[in-house]
Amino acid sequence: MPVIKVNNLSKIFGKKTKEAQALLDEGYSKDEILEKTGCTVGVNRATFEVEEGEIFVIMGLSGSGKSTLVRLLNRLIEPTEGDVEIEGENLAKMGGEDLRKIRREKMSMVFQRFALFPFRTVLENAEFGLEIQGIEKEERSKKANTSLDLVGLKGYANQYPSQLSGGMQQRVGLARALANDPEVLLMDEAFSALDPLIRKDMQDELLDLQVKMRKTIIFITHDLDEALRIGDRIALMKDGSIVQVGSPEEILINPANDYVERFVEDVDRSKVLTAENIMKRPETVDIEKHGPRVALERMREQGLSSIYIIDRSRNLKGYVTADEAKRAKDDGIGDLNEILNKDMPTVDLSTSIHEIFNIIHDSPVPVAVTEDGKLRGIVVRGAVIAALADGNGVNEDATR
Amino acid sequence: MKMLLDNIPEIPMADWINYGVGWITDTFSFFFDPVKDGFGAVLDTSAEYLSIVPPIIIIILMALVAFFISGKKIALPIFAIIGLIFIQNQGLWEELMYTFTLVLYASLISVIVGIPLGILMSKSNLAENIIKPVLDFMQTMPAFVYLIPAVAFFGIGMVPGVFASFIFATPPVVRFTNLGIRQVSDELVEASEAFGATGNQKLFKVELPMAKKTIMAGVNQTVMLSLSMVVIASMIGAPGLGREVLSALQRADAGPGFVAGLGIVILAIIIDRVTQNLNKDK
Ligand SMILES: Nc1ncnc2c1ncn2[C@@H]1O[C@H](COP(=O)(O)OP(=O)(O)OP(=O)(O)O)[C@@H](O)[C@H]1O
Ligand SMILES: [Mg+2]
């Protein structure tokens, strides 16, 4: 069930909103409407749903309405029209008391420039939401400390925000948001003010945290790389409208229109990268020497769920899965041939990652890279996405 | 053209105002009279008690306050000790106590009224549009002008002095409070709202702490203005250092006038530094 349902949500800044909305529906552009009515279109009839536990990225250029949209979700900005349902309750229509309750218990926000309170210590900042709820000092310190630990700020509780680096300040922002244990986390360009290295770290950390927490996260960014790295689904905005919603793959492969395509063009360095650039050394089992036991053991060691099988001269024979190897072992089967899957995705050294991308999309196992039938490497899904998101870095990694 | 202007009969503005002041005095005497008597008694008693305390105790107390408030530096306490001993030495101690009482109560009232007014102003553009011109009026009208209705309302003595000082000295703290709160960054206000803060929580947990420095700068100005009003208030019979200045002026006696003036300067510097230091981060 979706946690958030947004239906026909609009925000028009200015006085003549009715008139502006009418013009908008007739198909006038944002600029024309500004000229005719003096109103700015912030968000134009956005409709989408966000599933529980997913990271939903909203991406668009500056001024496309991302911040406005995310603020409509917790009604920091009053919608001109439309509905926002959080777990079935319509936020857009509720009274002040109910709205505060939702903000206190169900949604928290992380801000681009951190928005920490400079006169409060790190701990007191993290406690803020709990304090607002009227929770006892002792309990809120406990919860706030737990969430500071979670973001790696143990030991900084009594410092002031100004004593911390940007990355650490944003961790405080994150800890403050998590201390409430909200269902939904709204992050407005949360990492945009950080320098690129710290930014990558924070992205990774958010993904790690997400494995533990399974929050529903709405993440705003103007950066496609970031969107591809962390998004389960991505919504693209232009001039206040959502022009496409889809998985990173879908957005890359099937840009809905020119606008998306231009956005994605940036990533087209992917065309020059090939399998050779992003493959890694495969774990293999020699079918002539070993059986299911060894295969299983090797998979356990390396934490794999399947493994490629080769012969003595490295010719690719197929792959076995951990499940099947275990069953074979239990049944006392000694020959890998009996459980061998031969239906595997195979590409050449020179296959472009764009193509690999299409192949890997619905493949249960990594793609095998072969040369004259011999296994040279494997390509995992993550490497493709990362390469699409970030050509250079991966290049170096792969040739190391 | 000249003819035309001359043909407009003179508007009896002054008469109207006289009538208005008279009307207010009569109509609100039920309020003015008890204030005059009650508050007057409070002021007199406070000043008298302060005068009874041996000067040395007050000097030591002032030095200690100065020491701790200025972050344990010794410059200000030494200045306070020397300055206060000088005033005592010149036989102006009782006058100093009266002046101090006047300033204390006047600025206290200004702050107590001014800060909430500033908050109101920051929260509502309508309130800002109404209050701002009133503040301008209060600040630009020469102080002597409202000494007259002050006497009409409260007679002579300390009470009309406090009243005149209130009118003269309240605007800065109102303005600075308004400014301080309006200056709080949108993101911080948004953050407090996003966590579900009520209006009061937002005000007390975010806006006032953020605006504290600006507000304290306003308080400092208000205190200084009410001190400067004390000299003028002596014209309507408020006792204190100002009265010494005034009587020296009337006798064209430069020496005592200068000494009393020096006393005001010393008090001003001490009060200024102390209120400024309240504002610094410890
Ligand atoms: N309070 C406001 N009053 C009037 N217009 C506004 C207001 N806030 C935003 N807008 C306008 O609404 C549009 C969308 O702004 P928004 O801040 O949501 O964009 P954004 O996608 O977050 O951009 P950025 O990447 O620069 O943060 C812009 O044209 C902006 O000028
Ligand atoms: Mg924005």
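Just so it is clear, none of the values below were taken in a lab; they were calculated from the coordinates. Being a predicted model, the structure only gives us computed values, none of them experimental. Neighbour counts run over all protein chains shown; Cβ positions are idealised from the backbone, glycine included.
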- Message: Please compute the average number of Cβ atoms from other chains found within 10 Å of each residue's Cβ in peptide A:105-117.
- Response: 4
- Message: Students often forget the sequence filter, so: which lysines lie under 20 Å Cα-Cα from A:LYS280 once same-chain residues fewer than 8 apart are removed?
- Response: A:LYS271, A:LYS317, A:LYS374
- Task: Express the relative contact order of chain B as a whole percentage, based on alpha carbon pairs under 8 Å and six or more residues apart in sequence.
- Result: 22 percent
- note: the range A:275-390, Cα-Cα separations exceeding 18 Å make up a percent value of 48 percent
- Cα-Cα over 26 Å: which of A:LYS30/A:LYS101; A:LYS154/B:LYS202; A:LYS16/B:LYS202; A:LYS289/A:LYS326? A:LYS30/A:LYS101; A:LYS154/B:LYS202; A:LYS16/B:LYS202
- Query: Please state the equivalent ellipsoid semi-axes for the protein assembly as shown: what are the square roots of 5 times the Cα gyration tensor eigenvalues, largest first, in whole Å?
  - Reply: 75, 32, 20
- Query: What is the P(r) of the range B:1-120, as percent of Cα-Cα pairs per 5 Å bin from 0?
  - Reply: 2, 9, 10, 12, 12, 13, 10, 7, 6, 7, 5, 3, 3, 2, 0
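Which FRET efficiency value, to the nearest 0.05, is calculated for A:GLU35 and B:PHE258 with the Förster distance at 60 angstrom and r the Cβ-Cβ distance?
0.30
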- Note on the structure: Here the FRET efficiency for B:ARG251 versus B:GLN276, based on Cβ atoms and R0 = 35 Å and rounded to 0.05, is 0.45
- Query: How many nm separate the modelled label positions at B:LEU108 and A:THR146, each set 7 Å beyond the Cα in the direction of the Cβ?
  - Reply: 4.8 nm
- Work out how far the C-alpha atoms of chain B reach from end to end along every principal axis, then list the three figures in whole Å, largest first. 62, 61, 42
- Of the listed pairs B:LYS36/B:LYS212; A:LYS18/A:LYS215; B:LYS73/B:LYS132; A:LYS11/A:LYS143; A:LYS106/A:LYS142, those with alpha carbons more than 31 Å apart are B:LYS36/B:LYS212; A:LYS18/A:LYS215; B:LYS73/B:LYS132; A:LYS11/A:LYS143
- Message: Can you return the aspartates and glutamates within cross-link range of B:LYS213? Criterion is Cα-Cα under 16 Å, with same-chain partners fewer than 8 residues away left out.
- Response: B:ASP272, B:ASP281
- Message: Please report the net charge: other residues with Cβ closer than 12 Å to the Cβ of A:ARG300, K and R +1, D and E -1.
- Response: +1
- Cut-off 19 Å, label 7 Å out along Cα→Cβ of B:LYS73, residues of the range B:256-276 by amide N: B:266-276
- Neighbourhood net charge (9 Å Cβ-Cβ; Lys/Arg +1, Asp/Glu -1) for A:ILE77: +2
- Fraction of alpha-carbon pairs over 17 Å apart in the range A:16-93 - percent: 52 percent
- Item | Kyte-Doolittle mean at least -1.0 and Cα axial length at least 30 Å: DSSP H helices in chain B | B:93-123, B:158-183, B:208-233, B:254-278
- Message: Modelling each spin label as a point 7 Å along the Cα-to-Cβ direction, I'd like the A:ASP323/A:ASN8 distance in nm, to one decimal.
- Response: 4.5 nm
- Query: What are the residues whose amide H is under 5 Å from the amide H of A:VAL57, where those residues sit 5 or more places off or on another chain and H is modelled from the backbone?
  - Reply: A:PHE219, A:ASP232, A:ARG233, A:ILE234, A:ALA235
- Cα gyration tensor category, rounded, prolate or oblate, for the range A:121-222 with a/c compared to 1.5: oblate
- Message: Under 16 Å between alpha carbons, and skipping anything fewer than 8 positions from A:LYS329 in its own chain: which aspartates and glutamates qualify?
- Response: A:GLU297, A:GLU338
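Could you compute the FRET efficiency for B:THR140 and A:GLN133, with r as their C-beta to C-beta distance and R0 at 45 Å, rounded to 0.05?
Values: r = 48 Å, r/R0 = 1.06.
Efficiency at R0 = 45 Å is approximately 0.40.
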